[in-house]
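I have placed the structure first, in the form of C-alpha cells, so that the comments after it can refer back to it.
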Amino acid sequence: MSNEAVAKVEASSRRRRLPSINPIYLVLVLLIAAIAIKNPAFLEPLQFMNFLKRAAPLAILSAGQVFVLVAGGFDLSVGALITLTVIGASMLQSNDPNATWWVICLLFVLGALVGLINGLVVVLLRVPSLIATLGMMITLTGVALLWSGGAPKGYLTDSFRFFGRFNISGIPGIGILPVALIVLVVVVAFLWWLMHSTNYGRLLLAVGDNPRASQLAGVPIGRVRVLAFVVSALSGTVAGILLGGFSGVSPDAGNGYELQAITAAVLGGAQLLGGRGSVPATVAGAVTLTAIFTLLNFLGLPNPVRSAVQGLILIGAVALAMYRRKHAGR
Amino acid sequence: MKRLFMLAALLSLVLGVGHALAQAAPNFDDPAEFAKQKANLTAAPANPSDPIYLQHIGTDMVDTAKFKKPAPWTLCFSNAATDNPWRVVGLKNMQAQVAVDKANIKDFIVTDAGGSDDKQIADINDLLTGKKCDILMIAPNTTAALTPAVEKACAVLPVIVFDRGVTTKCPLSFVHPVGGYGFGIAAAEFIAKNVPKGGNVLALRILPGVDVLETRFSAGKHILTDAGLNIVGAEFTGGDNAKTKSIVEDYMQKGKIDAIFMDAGATAVAAIEAFEDAGQPVPVITGEDQQDFLQKWKADKLTAIAPTYPNYVWRTAILASEMVLSGKPIPGPEWVLPQPSITADTLDKYINTSMPPLHYAMCGCEDFPDYPARWK
C-alpha cells in the first residue's frame with residue numbers, strides 16, 4: 001500500500017519535472033502497432049501513405065476547430081460547410097476543368113465569409129457559439145440542398161480532384177506521396193505556428209482561459225474570436241476540397257464531420273470551454289480516429305460490437321487525457 | 001461537471017452505440033417471398049405492350065368504379081422524405097406526370113415528413129382534415145408505425161401506397177417493383193456466374209434495419225454462399241463515398257477481392273476508384289442505375305451489372321391515382337412493376353452523359369415532354 005503511494009508520488013513528481021508527453025501520441029502509436037500486428041503490410045510505405053491521405057481532411061478540419069475550442073467556443077457549421085464546398089464545386093465547375101482555379105478561390109471566399117459571419121454573430125450579437133454555428137449548419141445545409149435541388153448536378157473534374165486524390169509516384173524511399181499529405185503538412189505547419197508561436201496564439205489562449213481578465217488587460221477579444229472562426233471555416237474549405245477530391249461528389253459529404261473534429265481535439269487534450277489546446281496533438285487525435293476505423297476494419301468484428309469497441313477506445317483515450325491533465329497539471 | 005456532461009453528450013452522439021444495440025431483428029429472410037420475387041424477376045408482364053411504368057406482373061385487378069369523380073381532381077401525397085437522390089428523381093417524375101395531366105389535375109399537394117414517423121402521421125392527419133384531397137398517395141416512412149395512419153386514411157379516401165409497404169390490406173393497391181430480394185438475387189446471381197468457386201466477395205451495404213435493403217443482402221448472401229463463394233465482409237458505408245473508399249482500401253490489404261456486392265449503388269464509383277488508385281484491376285462489381293456508375297462501367301469496360309429498384313414507381317403512383325378517379329380498374333391489391341437489371345447488352349441504352357451523376361437511369365421518364373431539362 002505504502003509502496004504504491006510512494007510510487008505514485010514519485011511518478012507524479014517525475015511528471016512535474018519532465019515535460020510530459022501528451023498521451024494521445026501513445027494511444028496513436030499503440031493503435032498503429034495493433035493494426036500492424038493484425039496486418040503487417042500496413043506499415044509498407046504505399047499503405048501507410050494511403051492511410052495518411054485518408055486522414056488528411058479530418059486532421060486539417062480538427063486543426064482549425066481547435067482554434068475555436070481554445071477560444072472557448074464551438075464550430076458546428078464545418079460539416080455543412082464541407083458539404084456545401086463539395087456540392088458548390090460540382091455546381092460551379094459544371095464539368096469544365098479550366099474552371100478549377102477560380103472555383104477554388106471562390107470556395108475560399110465562401111469559407112472566409114461563413115467564418116466571418118459565425119464570428120460576428122457570436123461576438124457582436126452575443127449569441128452562444130453552439131447556437132450560432134448550429135444555425136449556420138442548418139442554413140448551409142439548406143443552401144446546399146436548394147442549390148443542387150437535392151442531388152448534385154455535375155461531376156468534380158480531375159483537375160479539382162488532384163488535391164485529394166492524386167499521388168506523386170516514384171519518390172525514393174516512400175514510393176508515393178499523396179498531394180493531400182503535402183497540403184496537410186503545409187496547413188498544419190501554418191496553424192501550428194499560428195497557435196503556438198505568434199502573439200495571436202497567446203492572445204487566443206488568454207481569451208479562452210479568462211475572457212474578462214484578457215479584456216481588462218487590453219486584449220481585443222472580439223477580433224481574436226472572430227479570427228478563430230475564420231480559421232476554422234477556412235480549414236473546413238480545405239477539408240472539403242480534399243474530401244471531394246478523395247471520393248468525388250456526394251450530397252452528404254460532410255455529415256458528422258463537425259463532431260469528429262471536436263472529438264479529435266478533445267482526444268488531443270483540448271478543453272471544451274477554452275483556454276487549452278494544441279494543434280499537433282489535435283492532428284494526432286484526428287489520425288487516431290482514422291486509425292480506430294481502420295483497426296476495426298481489419299479486425300472484422302460484427303457491426304454492433306464494432307460500435308461498442310469504438311466507443312470504449314474513445315472514452316479510454318479521453319479519460320487518459322483528463323487523467324494526465326490532472327496529474328501533470330497542464 | 002458541466003464539462004463532463006458535454007463530453008458525455010458529444011461522445012454518445014459520435015458513437016451511436018445505443019442505436020446499434022437497439023436494433024431488433026425482424027424477419028428479412030423469408031423463403032416464400034424469396035421464391036416469389038425470384039419468379040417475378042423473370043415473369044412476363046400481363047400487358048407487355050404498355051410502357052414499362054404501366055406494366056404489371058400478375059392479373060389481379062381491383063374495381064374502382066365507386067371512386068369515379070368528375071375531373072379536375074386534387075391529388076395528395078404524403079412523402080416519407082426527399083433525403084436521397086432516388087427520392088429526388090422520383091418526386092420529379094410525379095411532378096412531371098402532374099404537369100402532363102394538368103387538364104385533369106387542379107392541384108397536387110405534397111407533404112414531406114423529413115424521415116420522421118410522427119411527422120408523417122401528423123401530415124396524413126392534416127391532409128384528411130383539410131378535406132381537399134380526392135385521393136391520397138402514401139410513401140410510408142416505416143412499415144409498422146404508419147399502418148394505423150394508413151388505415152385511418154382508408155376510411156375516408158381512396159388510398160394508394162407505394163415504395164415501402166404497410167401491414168394492412170386497406171389501400172386500393174400497393175404499387176412497388178418486384179422487391180428487395182429480387183434486387184439481391186439479380187446482383188448475386190451475376191457474381192456467382194462470373195466468379196469461380198472459392199472467390200472472395202466484399203459486400204458493401206448502406207444502412208442496417210431498412211427492410212428493402214436487408215432483403216437485398218439476405219437474398220444475396222444465400223446465393224453467394226450456395227455458389228461456394230466466400231463473403232469476406234459485409235460493411236455499412238452509410239452512403240458515404242469517403243468511407244466506402246476507405247473500407248475497400250482496407251479490405252484490399254487484407255486479401256484478394258474477386259467481387260463487390262452492393263445493396264445500393266450510390267457509392268459504387270468510390271469503390272471502383274479504390275482499386276484504380278491502388279493500380280489494381282477492378283473486380284466483378286454490382287451497382288445500381290446511377291449515371292455515374294453506368295458511365296464508369298462503360299468507360300472502363302467493367303464486368304458489372306446494375307440491378308435496379310425502378311424509379312418509375314413514383315410515376316406509376318400518379319397514373320394509378322388518375323385511373324382510380326376515372327373509375328378504371330387498377331392492378332391490386334398489389335401492383336407489381338417489372339424490375340429489369342441493366343446489363344452489358346442494354347448499357348448503352350441507359351447512358352446519358354448530360355444527366356447528373358446520381359440520376360437514376362431506370363426513371364421511365366424519357367418520354368416526358370420536358371425530359372431531360374426537369375431532371376438536370
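For a 26 Å ceiling on Cα separation, which of these pairs sit above it: B:LYS102/B:LYS376; A:LYS153/B:LYS36; B:LYS69/B:LYS376; A:LYS53/B:LYS254?
A:LYS153/B:LYS36; B:LYS69/B:LYS376
Net charge around B:THR168, counting only other residues with Cβ within less than 11 Å of its Cβ (Lys, Arg = +1; Asp, Glu = -1)?
On the way: positive: B:LYS152, B:LYS169; negative: B:GLU151.
Here the count lands on +1.
Out of residues 5 or more away from B:ASP101 or on other chains, whose amide H comes under 5 Å of its own, with H placed 1.01 Å from N in the peptide plane?
It is none; the list stays empty.
Can you give me the Rg/Rh ratio for the protein assembly as shown, using Cα atoms for both radii and the Kirkwood formula for Rh? Don't skip to the end; give the middle numbers.
Numbers: Rg = 27.4 Å, Rh = 27.3 Å.
On the Cα set of the protein assembly as shown, Rg over Rh gives 1.00.
Work out how far the C-alpha atoms of the range B:242-351 reach from end to end along every principal axis, then list the three figures in whole Å, largest first.
If we take the Cα atoms of the range B:242-351, the spans are 60, 26, 20 Å.
Of A:ALA239, A:ALA63, A:ALA34, which is the most mobile in a GNM of chain A whose springs link Cα atoms less than 10 angstrom apart?
Result for chain A, Cα springs under 10 Å: A:ALA34 fluctuates most.
Do you know which residues of the range A:283-305 lose at least 20 square angstrom of accessible area in the protein assembly compared with their chain on its own, with a 1.4 angstrom probe?
Flagged in the range A:283-305: A:PHE293, A:ASN297, A:PHE298, A:ASN303, A:PRO304.
Using helices alone, what [θ] at 222 nm do you get for chain A, with -39,500 (n - 2.57) per DSSP H run of 4 or more residues, divided over all residues and rounded to the nearest 500? Mind dumping the intermediate values first?
Details: 14 runs with 246 residues, N = 330.
Here the helix-only value at 222 nm equals -25000 deg cm²/dmol.
Give, as a single signed number, the net charge of other residues whose beta carbon lies under 14 Å from the beta carbon of B:GLN291, with Lys and Arg counted +1 and Asp and Glu -1. Present the calculation step by step, with values, prior to reporting the outcome.
Details: positive: A:LYS153, B:LYS296, B:LYS298, B:LYS349, B:LYS376; negative: B:GLU288, B:ASP289, B:ASP292, B:ASP348, B:GLU366.
So the surrounding residues net to 0.
Contact order normalised by length for the range B:289-376, with contacts defined as Cα pairs under 8 Å and 6 or more residues apart; what percent is it?
Numbers: 81 pairs, mean separation 41.1, N = 88.
About 47 percent, as a whole number.
Most mobile of B:GLY228, B:GLY198, B:GLY279 per a Gaussian network model of chain B (Cα springs, under 10 Å)?
It is B:GLY279.
Return the calculated 222 nm mean residue ellipticity for chain B, to the nearest 500 deg cm²/dmol, obtained by summing -39500 (n - 2.57) across DSSP H runs with n ≥ 4 and dividing by the residue count. Spell out each step's value before the answer.
Values: 13 runs with 154 residues, N = 376.
That comes out to -12500 deg cm²/dmol.
Carbon and sulfur: what percent of the protein assembly as shown's accessible surface (1.4 Å probe)?
Values: 18070 of 28780 Å².
The value for the protein assembly as shown is 63 percent carbon and sulfur by accessible area.
Anything losing 30 Å² or more of accessible area from the isolated chain to the full protein assembly: pick those residues out of the range B:336-366, probe 1.4 Å, ligands and DNA/RNA ignored.
For the range B:336-366, once contacts with the other chains are taken into account, B:PRO356, B:PRO357, B:LEU358 lose 30 Å² or more.
Take the alpha carbon gyration tensor of chain A, find the square roots of its eigenvalues, order them as a ≥ b ≥ c, and report rounded if a/c is under 1.5; if not, report prolate when a/b exceeds b/c, else oblate.
Values: a/c = 1.88, a/b = 1.18, b/c = 1.59.
The shape class here is oblate.
Would you mind getting the accessible area per residue of the range B:243-355, heavy atoms of the protein chains only, 1.4 Å probe, in Å²?
Details: 3190 Å² over 113 residues.
Ligands and nucleic acids excluded, the result is 28 Å² per residue.
Please list, in chain and number order, the residues 5+ apart from B:MET137 or on another chain whose amide H is under 5 Å from its amide H, with Hs placed from the backbone.
Sorted by chain and number, the residues that satisfy this are B:CYS76, B:PHE77, B:SER78, B:ILE160.
Just checking the output field for A:246-257: average partner chain Cβ neighbours within 10 Å of each residue's Cβ? Walk me through the intermediate numbers first.
Working: counts 7, 12, 9, 6, 12, 7, 7, 3, 2, 3, 5, 1.
Other-chain Cβ atoms within 10 Å of each residue's Cβ, averaged: 6.
For the interface of B with A, what's the total buried accessible surface in square angstrom, probe 1.4 angstrom, rounded to the nearest hundred? Write down the numbers at each step before the final one.
Numbers: alone 16920 and 15770 Å², together 28780 Å².
The B and A chains share an interface burying roughly 3900 Å².
Per 10 Å bin from zero, what fraction in whole % of the C-alpha pairs of the range A:157-233 is there, up to the bin with the longest pair?
For the range A:157-233, the pair-distance distribution reads 16, 32, 21, 17, 11, 2.
Determine the per residue accessible area of the range A:57-287 with all protein chains present and a 1.4 angstrom probe, expressed in square angstrom. List each step's numbers first, then the result.
Working: 8450 Å² over 231 residues.
Roughly 37 Å² per residue, with all protein chains present.
Ranked from highest to lowest mean number of other Cβ atoms within 10 Å per residue, what is the order of the peptides B:166-174, B:280-288? List each step's numbers first, then the result.
Working: B:166-174: 19.2, B:280-288: 22.1.
Most protected by this proxy first, the peptides run B:280-288, B:166-174.
Report the local net charge at A:ASP158: Lys and Arg +1, Asp and Glu -1, summed over other residues whose C-beta lies under 15 Å from its C-beta. Intermediate results must be reported in sequence, preceding the final value.
Numbers: positive: A:ARG161, A:ARG165, B:LYS296; negative: A:ASP96, B:GLU273, B:GLU276, B:ASP277, B:ASP292, B:ASP300.
The answer is -3.
Whole number please: convex hull volume per residue of the Cα set in chain B, in Å³?
On the way: hull volume 61.2 nm³, N = 376.
Normalising the Cα hull of chain B by residue number yields 163 Å³.
Express in whole angstrom the spacing between the alpha-carbon centres of the range A:167-207 and the range A:254-286.
16
The values are calculated or read from the model by the stated rules, or taken from the named source; none is laboratory data. Just so we're clear, the structure is a prediction, and the values are computed from it rather than from any experiment. With ideal geometry, Cβ positions are generated from the backbone for all residues, glycine too; neighbour counts draw on all protein chains shown. Accessible surface areas use protein heavy atoms only, side chains included; no ligands, DNA or RNA. Shrake-Rupley method; radii C 1.70, N 1.55, O 1.52, S 1.80 Å.
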